[in-house]
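Comments concern the structure below.
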Amino acid sequence: MTSSPVAALVVVLTLGAVLLVSGAAKLRDRRATQDAFIALRVPAVVPAGPSAAALPWVEIALAVLLLVTPARFSWAPAAVVLLLMLAYTALIARALTFDEPVTCSCFGSIGRHEVGPQTLGRNVLLSALAALVLWYAVDGGSAPGAMGELGAAGWWALLATASAVAVALLVAAPPSAVSSARSSASEVEVLDYERQPIPYGVLTHLNGNSATLAEAASTQARVLFFLNTHCGSCLRIAEKVDGWADRLDPAVGILVVYTDESAAAGQVGHRPDLATWEPELNAQRVLGLSGTPAAVLLGADGLLAGGPVTGEDNILELVEAVLEEVEAAGAPVEQ
């Protein structure tokens, strides 16, 4: 890399841009960053709260240091970046072994997605880039030094590379959050007007009794919350469940659905009698859900009455709509 300042700068700038974008995105959504610590089950030796607050600034600082540190000391930030990328890669690799799917906001508000092999591949690639940057630094190279070696042709090559990357990102960019939200809202509206029969799924209570989804709603409408115990937004929903149950009773009942019996038995935040579990994720599958938290309203007439929806904000909107309906129907709702 020392013989090609353009190649060196491309690698350093790429890694610096990733760190800068990641840090800025995490600052925009601090809660999502802390949720990622919970979802990835970061060891307790790394406290989630303080670490999640400091991580965005660490990434931004490392991005700047990669670009401005002179050759004599450039190995230091490069080594820290490599250790950070290796730690990220190890956490993602471990998350792929979990029984429950993991959603990780690895890039804050712009990186929320389910962890999968693609995520691992991305982190392995970033680790490889970090290793190249460290090798370049140990060999006496640095970003300021490479910039000083660029001639006019080098700057044009660098600009052309940056332009090509920018165009590729714009072409491959996913739909905006606003478009996605509108799409989700449209799906809910269609469901409200074209109610579907409650699909066949089975829930098991902690006392061992099982019931189909339709049977669970045979005596009263039910809101089902699909949660897991390693999800920050799930934990926040769980803490609200008891209050919602009290406010909706007796018009609407609530059940909280976990992925297995041990998760249901180990739940925190709400009454144990509300906890159920779904063998082999059967309820999520028939409802078309791909992650947690999620919720659906089952009507006592055997039809879906609201949702299914995923995401904390959408769940809060669904519950608020149910509370308004109960009030409008004249049922008492405690405040």
TODO: Output the residues belonging to the range 291-330 that are over 23 Å from the mean Cα position of the chain (by Cα) and of a type in the set (A, V, I, L, M, F, W, C).
DONE: 297, 298, 300, 303, 304, 305, 321, 322, 323, 326, 328, 329
- [ ] Please identify the pairs in which a residue from the range 289-306 that is farther than 22 Å from residue 258 by Cβ has its Cβ atom under 7 Å from the Cβ atom of a residue that is of a type outside the set (Val, Ile, Thr) and assigned to a strand (DSSP E or B), counting only partners at least 6 apart or on another chain.
- [x] 299/221; 299/305; 300/221; 302/197; 303/197; 305/221; 305/297; 305/298
TODO: Look at residue 52 and say whether it is at pLDDT 75 or above and touching a Phe, Trp or Tyr at 6+ places or on another chain (Cβ under 6 Å).
DONE: yes
Open item on the list: Just to confirm my filter: which strands (runs of 3 or more DSSP E) fall fully inside the range 191-254 and include at least 1 residues that are surrounded by 17 or more Cβ atoms within 10 Å (Cβ to Cβ) and touching a residue at least 40 places away in the same chain (Cβ under 8 Å)?
Closed with: 202-205, 221-226
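Quick grid of which residues meet (1) modelled with pLDDT of 90 or more; (2) closer than 21 Å to residue 48 by Cβ:
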| site | (1), (2) |
| --- | --- |
| 74 | no, no |
| 81 | yes, no |
| 92 | no, yes |
| 97 | no, yes |
| 100 | no, yes |
| 104 | no, yes |
| 107 | no, yes |
| 111 | no, yes |
| 118 | no, no |
Task: Pairs with Cβ under 6 Å, 6+ apart, first in the range 1-23 and open to solvent by 40 Å² or more (accessible area, probe 1.4 Å), second at pLDDT 85 or above and small (Gly, Ala, Ser) - done: 20/63
Task: Candidate set from the range 68-98 (those that are under 12 Å from residue 137 (Cβ atoms) and among the aliphatic types (A, V, I, L, M)); member that is most open to solvent (accessible area, probe 1.4 Å) - done: 80
Open item on the list: For residue 269, only one of the following conditions fails: (1) touching a strand residue (DSSP E or B) at 6+ places or on another chain (Cβ under 8 Å); (2) open to solvent by less than 50 Å² (accessible area, probe 1.4 Å); (3) not hydroxyl-bearing (Ser, Thr, Tyr). What is its number?
Closed with: (1)
- [ ] State yes or no: is residue 79 over 21 Å from residue 133 (Cβ atoms), in contact (Cβ under 8 Å) with a residue 40 or more places away in the chain and of a type in the set (A, V, I, L, M)?
- [x] no
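The values are calculated or read from the model by the stated rules, or taken from the named source; none is laboratory data. Bear in mind that the values here come from a model prediction, so they are computed numbers and not experimental data. Here Cβ is always computed from backbone atoms with ideal geometry, including for glycine, and neighbour counts include all displayed protein chains. Ligands, DNA and RNA are stripped out before the accessible areas are found, and what is left, the full protein with its side chains, is counted by its heavy atoms. Shrake-Rupley method; radii C 1.70, N 1.55, O 1.52, S 1.80 Å.
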